[in-house]
Amino acid sequence: MGVDYLVRVKATARFTSRYGTSQLLKHWVSVGQSTHLRGSLFDHDHACTGTIYLIWEPGQAEAWCLFTNIPRHIGRYYAVRWWQEQSFRDLKSAGWHWPTSHLNCPQCMERLILALAIAYAFCYLHWRAGLAAAISSPH
């Protein structure tokens with residue numbers, strides 16, 4: 001179909017390398033390692049062929065298991081996606097709670113989301129400026 005994808009899958013999913021080795025994703029990588037393999041995900045009847053990226057940073061509870069059909073995709077692309085999702089979560093439910101406005105008018109909702117986005121950007125820039133000042137000041 002010509003659709004590119006990059007998805008995170010559970011570490012308990014079964015992966016079979018192109019050389020025929022088959023095991024759960026969690027057994028392909030250890031803490032502090034990253035690797036990528038070509039092969040198929042899931043069992044023989046439902047197999048998807050592609051590249052799996054396994055990235056397990058020290059201090060993380062588990063590895064990122066990223067599956068894609070584009071070999072050049074790596075963890076930083078997923079990290080950007082994660083940052084975007086967290087930002088949307090902040091706008092929606094974790095901080096600004098815009099669904100509690102109970103607005104039904106699309107134009108009113110657009111204006112509210114615009115105001116929230118501007119406020120969010122202001123808060124972010126203010127935080128960054130404070131962080132930069134804290135880093136550059138002598139202790």
task: Between Glu57 and Thr100, take the C-beta separation as r, use R0 = 30 Å, and let me know the FRET efficiency to the nearest 0.05.
output: 0.25
query: Karplus couplings for the stretch 22-28 from phi (6.51 cos²θ - 1.76 cosθ + 1.60, θ = phi - 60°), rounded to Hz, Gly and Pro as x?
result: 10, 6, 5, 4, 4, 8, 8
message: Among His27, Gly39, Ile70, which residue has its Cα furthest toward the positive end of the charge dipole of the stretch 6-78, with +1 on Lys/Arg Cβ and -1 on Asp/Glu Cβ?
response: Ile70
message: As a test of the definition: which semi-axes, in Å, follow for the stretch 6-78 when you take the square root of five times each eigenvalue of its alpha carbon gyration tensor? Largest first, please.
response: 19, 14, 10
- prompt: Stretched out fully, how many nm does the piece from Val3 to Cys108 gain, at 0.36 nm a residue minus the Cα gap?
  reply: 34.3 nm
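Neighbour counts of other C-beta atoms within 10 Å: give me Tyr120, Tyr53 arranged from fewest to most. Write out the running numbers ahead of the final one.
Values: Tyr120 15, Tyr53 23.
Fewest-to-most ranking of Tyr120, Tyr53: Tyr120, Tyr53.
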statement: Percent of all Cα-Cα pairs per 5 Å bin for the stretch 96-136, counting from 0 up to the last occupied bin, reads 5, 22, 20, 16, 11, 10, 8, 5, 3, 0
statement: Quick note on Lys10, Lys26, ordering by fewest other C-beta atoms within 10 Å, gives Lys10, Lys26
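Around Thr16, under 12 Å between beta carbons, what's the net of Lys plus Arg minus Asp minus Glu among the other residues? The partial results should precede the final answer.
Working: positive: Arg14, Arg18, Arg38; negative: Asp43.
Taking every other residue near Thr16 into account, the sum is +2.
We did not get these values from a lab; they are worked out from the coordinates using the rules stated. Just so it is clear, the structure is predicted and the values come from calculations on it, not from any experiment. Ideal geometry is used to build each Cβ from the backbone, glycine not excepted, and the neighbour counts take in all protein chains shown.
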